[in-house]
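Data first, discussion second: the structure below is written as structure tokens.
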Amino acid sequence: MVGIAAEMNSAGFYSAEVWGGATFDVATRFLNEDPWERPLALKKLMPDTPLQMLLRGQNLVGYRHYADDVVTAFVHHAAEVGIDIFRVFDALNDERNLEASLKAIKECGKHAQLAFCYSLTEPKMGGPIFNLDYYIKKALILQDMGADSICVKDMAGLLAPDDAYTLIKALKKVIKVPLQLHTHYTSGMGSMTYLKAIEAGIDTIDTALAPFALRSAAPAVEPIVAALRGTPRCPGLDLAHLFKLGEYIESIAPKYSDFLDTTRMSVIDTRVLIHQIPGGMLSNLVAQLRQSHALHRINEVYEEIPRVRKELGYPPLVTPTSQIVAVQAVQNVIVGRYKLIPTQVMEYCYGLYGRPPAPIDPEVQKIVLKHYRREQTAITCRPADLLEPELDRARESTKDFTRDIGDVLICALYPITGLRFLKWKYGLRTLDSDTTGLS
């Protein structure tokens, strides 16, 4: 990243998403890198391009809800190390889970881009839940909350071109703040979807340089720039400069070739048009079934996932709800329907992840909560209201070797793997050859 950052800075992009999501966890767990150093280094080399991060609302960059004191401290420190634009979403589109991070972003004077996850229950936009009215209402709520811009987050590449035109056209009539569209190329529709969204008046689109584009990544920027040349929507980026950036990526790409899916010729996954399972969820699913020696039952799991999703109130399939649905579906196939219920599913049905788009099936909820350690009646409040402050506990765990707020936050987010990384960072552990990198 450092080798091309200065050239990226001069390309003229609206922003560069450089952080957040899984990158924070990966840095400490697998790369033995301090995640806070990345935005600091890039900010020095990219002073003219706003740096952007993906924030999972109350989940931050982890896999559960964190207390408000952790959320506030994380946002403030992220702003200090160089993050200018915070894209904040919630896996259930429960806007209550955005409140704490939004407040902290505003305190820092940074740009709050609030997002809603695009999801479907039908082959196209519509039906009783994820219809045009649902998305307009969500966007208006986010605008009223104080969003500086709004993002349509299509994490599985399910937004069809005609639906994109209808959705963006309708949103532009009622939304006064800038509107951004994020999609993945997983289904093969990404570039077509962007072109129709551009025709409908979208303000900003997320793209990737060609070598790392397509597949489950974003659509490639170069053909979109070429297609828009000479039109009123031409973004004015220099194709020759983009090619130069791409050549650098090509020079380092062989390092990562082992991560490519070489089991299939196609660079798109047409199966997602039928099963609607995002790439990250699919890879976790395969790993889970392989571990259980049940990979041959994957088609049964494909059939079970829509049933579980309906029973759990149609959560959008994005981290962490995608994993919650997938794990329960696998258990239902292997062991029997709701015979084995993971703790995350119990917490979800209790309401600790928030309010799903539709009510949870009452019979399923009753079965699940019967085994829950807390109560059998689900909560209705904002989940974080039940959480005690957590920062002091993290400070106590790290007090013998660091008081740096970045380190304390790593421990708060990942009490096991994060603390292990910090002990290596301060010379209290040694590198090991296993997949965690630390011993």
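What number of residues within the range 91-106 satisfy the criterion of being assigned to a helix (DSSP H, G or I) and either at pLDDT below 95 or among the hydrophobic types (A, V, I, L, M, F, W, C) (or both)? Can you show your working first?
Step one: of the range 91-106, the residues assigned to a helix (DSSP H, G or I) are 95-106.
Subset that is either at pLDDT below 95 or among the hydrophobic types (A, V, I, L, M, F, W, C) (or both): 98, 100, 102, 104-105.
Qualifying residue count, the range 91-106: 5.
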Here are the criteria: (1) in contact (Cβ under 8 Å) with a residue 24 or more places away in the chain; (2) crowded, with 17+ Cβ neighbours inside 10 Å; (3) within 21 Å of the chain's Cα centre (by Cα). Tell me which single one Leu245 does not satisfy. (3)
Quick one: is Ala112 more than 18 Å from Val318 (Cβ to Cβ), within 17 Å of the chain's Cα centre (by Cα) and either assigned by TED's automatic domain parsing to the domain that holds Met53 or among the small types (Gly, Ala, Ser) (or both)? yes
Is it true that Ile268 is surrounded by 12 or more Cβ atoms within 10 Å (Cβ to Cβ), within 23 Å of the chain's Cα centre (by Cα) and in contact (Cβ under 8 Å) with a residue 24 or more places away in the chain? yes
Out of the range 21-60, which residues are of a type in the set (A, V, I, L, M) and out of contact with any Pro (no Cβ under 8 Å at 6 or more places or on another chain)? Ala22, Val26, Leu31, Leu40, Ala41, Leu42, Leu45, Met46, Leu54, Leu55, Leu60
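Which residues, taken from the range 12-23, are assigned to a loop (DSSP other than H, G, I, E, B) and either within 21 Å of the chain's Cα centre (by Cα) or surrounded by 17 or more Cβ atoms within 10 Å (Cβ to Cβ) (or both)?
Initially, the range 12-23 is screened for residues assigned to a loop (DSSP other than H, G, I, E, B), giving 12-15, 21-22.
Residues satisfying the conditions are Phe13, Tyr14, Ser15, Gly21, Ala22.
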Subset of the range 65-87 (residues that are of a type in the set (Val, Ile, Thr) and in a loop (DSSP other than H, G, I, E, B)): Val81, Ile83
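Could you tell me whether the range 250-271 includes any residue that is under 30 Å from Gln365 (Cβ atoms), polar (S, T, N, Q), at pLDDT below 95 and part of a helix (DSSP H, G or I)? Full working, then the answer.
Start the filter on the range 250-271 by keeping residues that are under 30 Å from Gln365 (Cβ atoms), which leaves none.
No; the residues of the range 250-271 include none that is under 30 Å from Gln365 (Cβ atoms), polar (S, T, N, Q), at pLDDT below 95 and part of a helix (DSSP H, G or I).
Looking only at the range 181-203, filter to residues that are charged (D, E, K, R) and under 14 Å from Thr166 (Cβ atoms); which one of those is nearest to the chain's Cα centre (by Cα)?
Restricting attention to the range 181-203, the residues satisfying the condition of being charged (D, E, K, R) are 196, 199, 203.
Those left that are additionally under 14 Å from Thr166 (Cβ atoms): 196, 199.
Working: Lys196: 24, Glu199: 26 Å.
So the residue we want is Lys196.
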Can you name the helices (runs of 4 or more DSSP H) wholly within the range 107-217 that have at least 1 residues being under 30 Å from Glu250 (Cβ atoms)? 161-174, 190-200
Checked against (1) exposed (fewer than 15 other Cβ atoms within 10 Å of the Cβ); (2) assigned to a loop (DSSP other than H, G, I, E, B), Leu237 satisfies every condition except (1)
Search the range 331-360 for residues that are touching a residue at least 60 places away in the same chain (Cβ under 8 Å) and over 21 Å from Arg290 (Cβ atoms) and pair each with any residue that is buried (at least 21 other Cβ atoms within 10 Å of the Cβ) and among the small types (Gly, Ala, Ser) when their beta-carbon atoms are under 9 Å apart and the residues are at least 6 apart or on different chains. Tyr353/Ala91; Gly354/Gly57; Gly354/Ala91; Pro357/Ser119
How many residues does the range 369-391 contain that are assigned to a loop (DSSP other than H, G, I, E, B) and of a type in the set (Gly, Ala, Ser)? 1
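May I ask you to list the residues in the range 349-368 that are β-branched (Val, Ile, Thr) and part of a loop (DSSP other than H, G, I, E, B)? So that I can check it myself, show each step before the final result.
Within the range 349-368, the first condition is being β-branched (Val, Ile, Thr), and the residues that meet it are 360, 364, 367-368.
Within the range 349-368, Ile360 is the sole residue that qualifies.
Yes or no, residue by residue, for (1) within 30 Å of Lys137 (Cβ to Cβ); (2) touching a Gly at 6+ places or on another chain (Cβ under 9 Å); (3) not aliphatic (A, V, I, L, M):
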position	(1), (2), (3)
Val177	yes, no, no
Gln180	yes, no, yes
Thr183	yes, yes, yes
Thr193	yes, yes, yes
Asp203	yes, no, yes
Ser216	yes, yes, yes
Ala227	no, no, no
Pro235	no, yes, yes
Ile249	no, no, no
Looking at (1) of a type in the set (Val, Ile, Thr); (2) free of Cβ contacts under 8 Å to residues at least 24 places away in the same chain; (3) not in a helix (DSSP H, G or I), find the lone condition where Val286 falls short. (3)
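Of the residues Ser322, Ser257, Ser292, only one is crowded, with 16+ Cβ neighbours inside 10 Å and of a type in the set (Gly, Ala, Ser); which?
The conditions single out Ser322.
To keep it simple, each residue is scored yes or no on (1) crowded, with 17+ Cβ neighbours inside 10 Å; (2) in contact with a Gly (Cβ under 9 Å, 6 or more places away or on another chain); (3) of a type outside the set (Ser, Thr, Tyr).
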| site | (1), (2), (3) |
| --- | --- |
| Gly336 | no, no, yes |
| Arg355 | yes, yes, yes |
| Pro362 | no, no, yes |
| Arg373 | no, no, yes |
| Ala384 | yes, no, yes |
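So, Leu40, is that one over 18 Å from Gly418 (Cβ atoms), outside the structural domain of Leu352 (by TED's automatic domain parsing), crowded, with 22+ Cβ neighbours inside 10 Å and of a type outside the set (Phe, Trp, Tyr) or not?
Working: over 18 Å from Gly418 (Cβ atoms): yes; outside the structural domain of Leu352 (by TED's automatic domain parsing): yes; crowded, with 22+ Cβ neighbours inside 10 Å: no; of a type outside the set (Phe, Trp, Tyr): yes.
Considered against the rule, which asks whether it is over 18 Å from Gly418 (Cβ atoms), outside the structural domain of Leu352 (by TED's automatic domain parsing), crowded, with 22+ Cβ neighbours inside 10 Å and of a type outside the set (Phe, Trp, Tyr), Leu40 comes out as no.
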Which residues, counting only those in the range 1-50, are free of Cβ contacts under 8 Å to residues at least 40 places away in the same chain and among the hydroxyl-bearing types (Ser, Thr, Tyr)? Thr23
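The values are calculated or read from the model by the stated rules, or taken from the named source; none is laboratory data. All values reported here derive from a predicted model rather than from experimental measurement. All Cβ positions, glycine included, derive from the backbone under ideal geometry; neighbour counts span all protein chains shown.
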